[in-house]
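To start, the structure itself, in structure tokens.
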Amino acid sequence: MYETMPDHNLPEELIAFRDSIRRFVDRELRPLEKKVTIDGKLPPEVEAEVAAKAKAAGFWLMEVPAELGGADLGLLPLAIFWEEIARTTAVSARDHGIFGPTVGPILLGLQGEMRERYLMPVLRGELKACFAQTEPDAGSDPASMRTRAVRSGNGWKINGTKRYITKAATADFAQVMAVTDPEKGARGGISCFIVDMKTPGVKIGPAEMTMMGDTPYEIILEDAEIPAENLIGEEGKGFALAQKFLNHGRIRHGAHSCGAMARCLEMTAAYVKQRKTFGAALSERQGVQWMVADGYMRLHATRLMVHDAAAKLDLGMDARVETFMAKVTGVENGFKVIDDCLQLHGGMGLTRETPLERYWRDLRSFRITEGPTEVLKTTMARSILKNAGL
């Protein structure tokens, strides 16, 4: 198939890495797909078994620095990794726990005593974390954020409500974005805090059952007293921290879209060659041929865009626009391709006999999470026009 051809834009070591994780996915994960529940999870005992295999194979804590026991991968190799594990629905689109606790760039940036209190226990599996930015009236617009943190004694007092927070019900602490100076706006007036979920005044609100099967919750903060040392980084620099977290997620969304497209196109190419209607295979019909060809073009274009954005971030370049493009192109192409693949499978595509419906639900949700397509396009256009000398 096309996706197994050598990629001459990648160095040999990354091609070898890609092939090794692909073999692991094919050998250890795809056979587990029928065991995945409707909410996209493996039974705990199965997940523990395959996680042990992943750790033994060296696929563990992929983005964590080597001195902390991780593989210390940059974003380009991570994008390759994310694409390959997305070629199976045995791994949740939002939780790669099979390959070790997911931490993200904010926690990885903790230093000193904060690192020992929060990051290291997460890496050891002793604590769980969540990220809390979205609010009922401030989803993709952080300038509308209403959660407030004001100085109180030697610390901070936080009031507000966060919504659609993944893993909130099981988290031991949250990375909470809150306004510390309303006069400075989003870029200078938002800070990031670590909030222990057992803090008085912190409670879990209603759950929201989603089409993807996962269940995010509200986090309600009412006069929650937070120690001064639980401010992450500098006061007022929370927006930059959040963008780093979200840029990371946008690369992951784009890469996941590539893996999903590759798997669905692989299945569809095989299916249309054997499925006959009105005396001929579907693969002999021009309309079907064009759908398949269009799918592979979309996959190839998306992969190049994701790799470009990831490589630039690894070089320390300002690639925020490129991450927007990778995410938007990835999820829009991914949804279109998977929708076409499901259509070509007919009624079979609607059943759980294939992973198509799972991929369809995931990619439909990706068009909203980590920044809706429309919002990212608007932000992208503003940046492009600002820097185009117009």
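The values are calculated or read from the model by the stated rules, or taken from the named source; none is laboratory data. All figures in this text were calculated on a predicted structure; none of them were measured in a lab. Neighbour counts run over all protein chains shown; Cβ positions are idealised from the backbone, glycine included. Heavy atoms of the whole protein, side chains included, go into the accessibility calculation; ligands, DNA and RNA do not. Shrake-Rupley method; radii C 1.70, N 1.55, O 1.52, S 1.80 Å.
Remarks
- Anisotropy class of the chain from Cα gyration tensor, a/c 1.5 cut: prolate
- Stretchable slack from His300 to Ser152, in nm (0.36 nm times residue separation minus alpha-carbon distance): 47.9 nm
- Residue with peak Gaussian network fluctuation, the chain [Cα springs, cutoff 10 Å], from Pro101, Pro182, Pro372: Pro182
- For a straight C-alpha distance cut-off of 24 angstrom, the lysines reachable from Lys35 (same-chain residues fewer than eight places away being disregarded) are Lys53, Lys55, Lys167.
- Take every pair of alpha-carbon atoms less than 8 Å apart whose residues are at least six positions apart; their mean separation over the length of segment 246-331 yields a relative contact order of 45 percent.
- Asp95 - accessible surface, heavy atoms, 1.4 Å probe, Å² rounded to 10: 60 Å²
- Annotation: per residue accessible area for the chain equals 46 Å², rounded to a whole number [probe 1.4 Å, protein chains only].
- Over all pairs of different C-alpha atoms in segment 117-191, the reciprocal of the mean inverse distance, the Kirkwood hydrodynamic radius, equals 13.4 Å.
- Met317 paired with Thr170, simple spin-label distance in nm, labels 7 Å along Cα-to-beta-carbon: 3.8 nm
- What the Cα convex hull of segment 3-74 gives, in volume per residue, is 130 Å³.
- Compared with the direct C-alpha span, the chain from Glu49 to Ala228 gains 60.4 nm at full extension, assuming 0.36 nm per residue.
- Among the listed pairs Lys157/Lys198; Lys157/Lys244; Lys276/Lys336, a Cα-Cα separation exceeding 19 Å is found for Lys157/Lys244; Lys276/Lys336.
- The distance separating the Cα centre of segment 307-354 from that of segment 180-255 comes to 26 Å.
- Computed about its Cα centre, the charge dipole of the chain is approximately 760 debye, with only Lys, Arg, Asp and Glu carrying charge at their Cβ.
- For the chain, the carbon plus sulfur part of the accessible surface works out to 54%, probe radius 1.4 Å.
- DSSP H segments from the chain that extend 30 Å or more along their own axis, Cα-based, with Kyte-Doolittle mean of 1.6 or above: none
- Convex hull (Cα only) mean projected area of segment 312-354, reported in nm² to one decimal: 4.0 nm²
- Nearest-0.05 FRET efficiency for Asp181 and Gln289, computed from C-beta distance (R0 51 Å): 0.30
- Extended-chain gain in nm, criterion 0.36 nm per residue less alpha-carbon gap, Arg30 and Val375: 120.7 nm
- Straight-distance candidates among the aspartates and glutamates for linking to Lys203, with alpha-carbon spacing under 17 Å and chain neighbours fewer than 8 residues away dropped: Glu135, Asp172, Glu218, Glu222, Asp223, Glu225.
- For a 4.7 Å threshold on C-beta separation, the list of partnerless cysteines in the chain reads Cys130, Cys192, Cys258.
- Pairwise FRET efficiency - Gln243 versus Glu113, Cβ, R0 = 22 Å, nearest 0.05: 0.30
- Whole-number percent relative contact order across the chain, with pairs defined as alpha carbons under 8 Å at least 6 apart: 14 percent
- Largest-first ordering by accessible area, 1.4 Å probe, given options Arg358, Arg275, Arg30, Arg364: Arg275, Arg364, Arg30, Arg358
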